Amino acid sequence: MNPEDFRKLQKVRAVLVRNYVDTSKLDVDVIGDSAYIAGELHIYEFSPDTKKLKDPFEQRQVIKKTCMTIEQEIRRSGDISHIEWKLKNWEKYGSHWVKKQAV
């Protein structure tokens, strides 16, 4: 990994941590101007929004809001123009997030 991609990777990880995402369950990679986020998305229950995660509708709303915020913050840096999510427990359809069923 070249130094420029490493710098971008650190920025992406910092955005995830700022939004209470458990980065130990994610594999984050940056190649050029693209970020790839794979693994299991888990949000810590530190923020006031995550206190409502028991209700499936509220859980989806919190995940949607958090992921949209993450995407906006990453793109705002100007270094990343494409973000690809490959999550085991959530799937993105347009701007909607759907929890995947356990296999």
ask   = Taking Leu53 and the conditions (1) at pLDDT 90 or above; (2) closer than 22 Å to Gln101 by Cβ, which numbered condition does it fall short on, given that it satisfies the others?
value = (1)
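Looking at this structure, is Val30 touching a residue at least 24 places away in the same chain (Cβ under 8 Å), part of a strand (DSSP E or B) and either farther than 22 Å from Arg76 by Cα or not aromatic (Phe, Trp, Tyr) (or both)?
Values: touching a residue at least 24 places away in the same chain (Cβ under 8 Å): yes; part of a strand (DSSP E or B): yes; either farther than 22 Å from Arg76 by Cα or not aromatic (Phe, Trp, Tyr) (or both): yes.
Taking the combined requirement at face value, the residue satisfies it.
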query = Does the range 51-73 include one or more residues that are surrounded by 15 or more Cβ atoms within 10 Å (Cβ to Cβ) and closer than 20 Å to Met1 by Cα?
reply = no
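Looking only at the range 13-20, decide whether some residue is hydroxyl-bearing (Ser, Thr, Tyr) and exposed (fewer than 15 other Cβ atoms within 10 Å of the Cβ). Before the answer, list the steps.
Taking the range 13-20 first, the residues hydroxyl-bearing (Ser, Thr, Tyr) are 20.
Of the ones still in play, those that are also exposed (fewer than 15 other Cβ atoms within 10 Å of the Cβ) are none.
For the range 13-20, residues hydroxyl-bearing (Ser, Thr, Tyr) and exposed (fewer than 15 other Cβ atoms within 10 Å of the Cβ): absent.
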query = Do we have Lys92 as basic (Lys, Arg), assigned to a strand (DSSP E or B) and at pLDDT 90 or above here?
reply = no
message = With the structure loaded, tell me whether Val103 is among the hydrophobic types (A, V, I, L, M, F, W, C), at pLDDT below 95, outside any helix (DSSP H, G or I) and in contact with a Phe, Trp or Tyr (Cβ under 9 Å, 6 or more places away or on another chain) or whether it fails that test.
response = no
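The values are calculated or read from the model by the stated rules, or taken from the named source; none is laboratory data. From a predicted model like this one, the values you see are computed outputs, not experimental measurements. Cβ: placed from backbone, ideal geometry, glycine included. Neighbour counts: every protein chain shown.
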